[in-house]
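Single-structure report; data block below.
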């Protein structure tokens, strides 16, 4: 049965609540008058979406409600929802005004809707494009978005437009990206940037000159691509034809075309051939570049190159110094422990197995090798990478690079990237630099806030006091018990009897079988014993609540639990990590490293546990997402995330009540999808109200007596991992 | 047609297995063999370790007994066990004991896959004692001079769980293997499969592309063995891009994006 449309009053009542009109003074009636004329299903759709947008901003929701009907005339419900969510995303990242303009600029959104259906969006294609770029030989290139329309490179990063929508088929639009990457890679790889651009452009019309250069150089580069990537070259030709057809472009034949083509398509054509041809042609009418060719930014590339060349020379020569002194040490025949301080000037030689030049694959495949005093030197991977990059820049290893650096010749600090100290974050002006960004789930909006939480991993200073000693002393008897029960877990080998295959004969089974045979029955083949050994492969992270509310007893009990647990986990050999979490607002989610997976449990770790101090609030979702990311780098058959907490997720801003619970639940669900088991141990007596919703009915324990925590935590851990 | 069956210790490789040396590994292996030293082959999967062993077995004219190690492999699987036959127990030698008795080359492939307590049984064989204690029958077999022990492992897998114990690795002469350089690899593919040089060259280029992706999404790049597989398919008129997908990309990863990226790379090359 079709439901009746809502009346004006019903809609006004609904919107009044959404817009909180008594505070915002928004006139719900205006929107309601438009919505009342719709069918019930459209009314429901608009009102539901308005409520979701209102969870972000009331004014934005009002604008949405005013424009929703017009939007529904032009787009289907799915696209309208995408439009509304695009506005809320804009609100998150840029603020109210840009979000409003998304809503007001509906026509533009409708116009570009086809782009969204058939265009290629860089952000979506990156997971494929990046490995593609890395697979092309040479320097490992990065990919970034450019705000302009044309792609270009600075020799380290390939900048591509946010979306391409020239063609009607998404496959072709994706191909533009792919061809752009290969074309820009060819510029870097085949020496476009090896010429002094200042000299080239030092003329009356530098723009024209650059255009001319670009046109000719493109001919040469495409020949290189034809040779190296013939499949892609064919695709490029198809793209060209389609573009010419679509834009009704004419191919322009350049004067002296035959000669130029002959020169630039030769197998050994180099950048100097392009320059040579440049002089031959004057006033050519340069055709605009094809869709994938992008533009040249010689200034940008020059600046990046100069910085890199200087840095790589220093690193390479220092690496040679290390290799040389190692080599001399190994060659020393006497037993004297002589110091091999290198004089500057130890010279290496290049050994070329093949006589091909200008090919960086040589380094990777071991064709270019270095000799020192007649001996071949084994090159570590980072030196090989440096050599590859140097060859990309120069086409060879310049002779002056082959002298090992003298003592104190370079100050590497100059080249080290400036690393920000995360502890200084609030003293400076940068808030999001160097931090990791995580999404957060807004249940009202039924959508993520993108890159919403700013998380930093901070060091926790060790505190060498008597806490650890006291704890171990205080819980001496408990520890002994725990050790015993954990040791039982370790020796989990079981002797399986009556097996078809096994290491030894099961005498009991044999006697029985013999009896069977004598009495005329068939003899069983289950006559062996087999030792069944179970190797534990558990990785566990303990996430410890460091919120202000743990001050006092709870904090003490948490620390004691961790000390005891860490002592007994050692017995099992499980890998474990401990992190403390706290923070204030989404801008400042702080994760304290107490023990990472790689660290050994030692006195310093104990001292760090001792220094776990109550801090601020408990914004849990972001930390769970971070832990999921950490777990994804670990190989283990059982991954366990144990949270020690004293209450509900809570933060200074809106992360309260249902919002916090729902985000945490969503984060736990994401972790679950990645194969991580989550468990929560809490001392909040009210936790039974919300923990089953977040963790599931069987995945939490509420401990009534704080003093029991140390015992319980170890006990729960034992239960969980067996 | 019925295939022939042999006891492993009686099976001698008659035709020379094709092996293209990368360095002086043949000379070193022969020297180690003459000096009764056990050998450890290190190298990524599919770079020719097993083929090298076959080649050496042919060269030295010894039977080759290969044991592919796995995490369920017990010491009994190597040394031997009692079986029951007609109401009596009968001792049956395992592959290691057979090799020791008959002077064969025993090759434990991917030895890190075996449990650490299993690997310990090879210790007395791998030092100057060269004996195999067989506790269950209270015997000790002394290896004949022709016996040789070789193990292999892939350092690429190195994790806490899968590493060779120092007490094991320090008994062996280690030979490091890697993928051959481009020219050699092309030659290997052509000899093994009979495809033309142009296709072989492109296949090797594709292999280098995947090896460059090691660490940025792939755990391992394409091995020479995979290239040979792809080349064999191409030889049977499968289109090169399809051959690369089925024989190489799909073998290397299950990640959907990575597969697409690798297909884009192979379709760029062919």
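The values are calculated or read from the model by the stated rules, or taken from the named source; none is laboratory data. This structure is a prediction, so every number in the text was calculated from the model and none was measured. All Cβ positions, glycine included, derive from the backbone under ideal geometry; neighbour counts span all protein chains shown.
So the values come out like this:
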read-out: Residue match in the range A:486-504 (condition: without any contact (Cβ under 8 Å) to a residue 24 or more places away in the chain, within 14 Å of another protein chain (Cβ to nearest Cβ) and touching a helix residue (DSSP H, G or I) at 6+ places or on another chain (Cβ under 8 Å)); value: no
read-out: Lone unmet requirement of (1) over 20 Å from residue A:132 (Cβ atoms); (2) free of Cβ contacts under 8 Å to residues at least 24 places away in the same chain; (3) touching a helix residue (DSSP H, G or I) at 6+ places or on another chain (Cβ under 9 Å) for residue A:191; value: (2)
read-out: Residue selected from the range B:214-267 under the condition more than 11 Å from chain A (Cβ to nearest Cβ), within 21 Å of residue A:130 (Cβ to Cβ) and more than 23 Å from the chain's Cα centre (by Cα), by the criterion surrounded by the most Cβ atoms within 10 Å (Cβ to Cβ); value: B:245
read-out: Strands (runs of 3 or more DSSP E) contained in the range B:3-108 and holding at least 3 residues more than 14 Å from chain A (Cβ to nearest Cβ); value: B:39-42, B:64-68
read-out: Residues of the range A:407-447 satisfying the condition of being in contact with a strand residue (DSSP E or B) (Cβ under 9 Å, 6 or more places away or on another chain), at pLDDT 70 or above and surrounded by 18 or more Cβ atoms within 10 Å (Cβ to Cβ); value: A:435, A:438, A:439, A:440, A:441, A:442, A:447
read-out: Filtered residue count, the range A:484-500, keeping only those that are modelled with pLDDT of 80 or more and either exposed (fewer than 14 other Cβ atoms within 10 Å of the Cβ) or out of contact with any strand residue (DSSP E or B) (no Cβ under 6 Å at 6 or more places or on another chain) (or both); value: 4
read-out: Residue that is nearest to the other protein chains (Cβ to nearest Cβ), among those in the range B:194-213 that are surrounded by fewer than 19 Cβ atoms within 10 Å (Cβ to Cβ) and in a loop (DSSP other than H, G, I, E, B); value: B:196
read-out: Positions within the range A:506-515 being away from chain B (no Cβ under 11 Å) and surrounded by 13 or more Cβ atoms within 10 Å (Cβ to Cβ), in sequence order; value: A:512
read-out: Residue within the range A:105-124 that is in contact (Cβ under 8 Å) with a residue 60 or more places away in the chain and in a strand (DSSP E or B) present; value: no
read-out: Verdict on residue A:232 being within 14 Å of another protein chain (Cβ to nearest Cβ), touching a helix residue (DSSP H, G or I) at 6+ places or on another chain (Cβ under 8 Å) and part of a helix (DSSP H, G or I); value: yes
read-out: Residue identified as buried (at least 16 other Cβ atoms within 10 Å of the Cβ) and either closer than 22 Å to residue A:128 by Cα or within 14 Å of chain B (Cβ to nearest Cβ) (or both) among A:178, A:171; value: A:178
read-out: Among residues of the range A:194-208, those that are free of Cβ contacts under 8 Å to residues at least 24 places away in the same chain and within 22 Å of residue A:263 (Cβ to Cβ), counted; value: 3
read-out: From A:129, A:141, residue being more than 9 Å from chain B (Cβ to nearest Cβ) and closer than 29 Å to residue B:204 by Cα; value: A:141
read-out: Failed criterion for residue A:191 (all others in (1) at positive phi; (2) within 14 Å of another protein chain (Cβ to nearest Cβ) hold); value: (2)
read-out: Enumerated strands (runs of 3 or more DSSP E) restricted to the range A:609-722, each holding at least 1 residues that are crowded, with 21+ Cβ neighbours inside 10 Å, assigned by TED's automatic domain parsing to the domain that holds residue A:593 and under 24 Å from the mean Cα position of the chain (by Cα); value: A:638-645, A:677-682
read-out: The range B:206-238 - residue that is in contact with a strand residue (DSSP E or B) (Cβ under 8 Å, 6 or more places away or on another chain) and closer than 17 Å to residue B:269 by Cα and, of those, modelled with the lowest pLDDT; value: B:221
read-out: Failed condition for residue A:85, given (1) surrounded by 18 or more Cβ atoms within 10 Å (Cβ to Cβ); (2) out of contact with any helix residue (DSSP H, G or I) (no Cβ under 8 Å at 6 or more places or on another chain); (3) within 14 Å of chain B (Cβ to nearest Cβ); value: (3)
read-out: Residue within the range A:585-602 that is buried (at least 22 other Cβ atoms within 10 Å of the Cβ), in a strand (DSSP E or B) and on the phi > 0 side of the Ramachandran plot present; value: no
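Quick grid of which residues meet (1) at pLDDT 90 or above; (2) crowded, with 16+ Cβ neighbours inside 10 Å; (3) farther than 25 Å from residue A:188 by Cα; (4) within 14 Å of chain B (Cβ to nearest Cβ):
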position: A:237; (1), (2), (3), (4): yes, no, no, yes
position: A:244; (1), (2), (3), (4): no, no, yes, no
position: A:254; (1), (2), (3), (4): no, yes, yes, no
position: A:259; (1), (2), (3), (4): no, no, yes, no
position: A:269; (1), (2), (3), (4): no, yes, no, no
position: A:291; (1), (2), (3), (4): no, yes, no, no
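Condition check ((1) more than 29 Å from residue A:449 (Cα to Cα); (2) in a loop (DSSP other than H, G, I, E, B); (3) more than 42 Å from the chain's Cα centre (by Cα)) across all residues:
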{"position": "A:13", "(1), (2), (3)": "no, no, yes"}
{"position": "A:18", "(1), (2), (3)": "no, no, no"}
{"position": "A:29", "(1), (2), (3)": "yes, no, yes"}
{"position": "A:41", "(1), (2), (3)": "no, no, no"}
{"position": "A:46", "(1), (2), (3)": "no, no, no"}
{"position": "A:49", "(1), (2), (3)": "no, no, no"}
{"position": "A:52", "(1), (2), (3)": "no, no, no"}
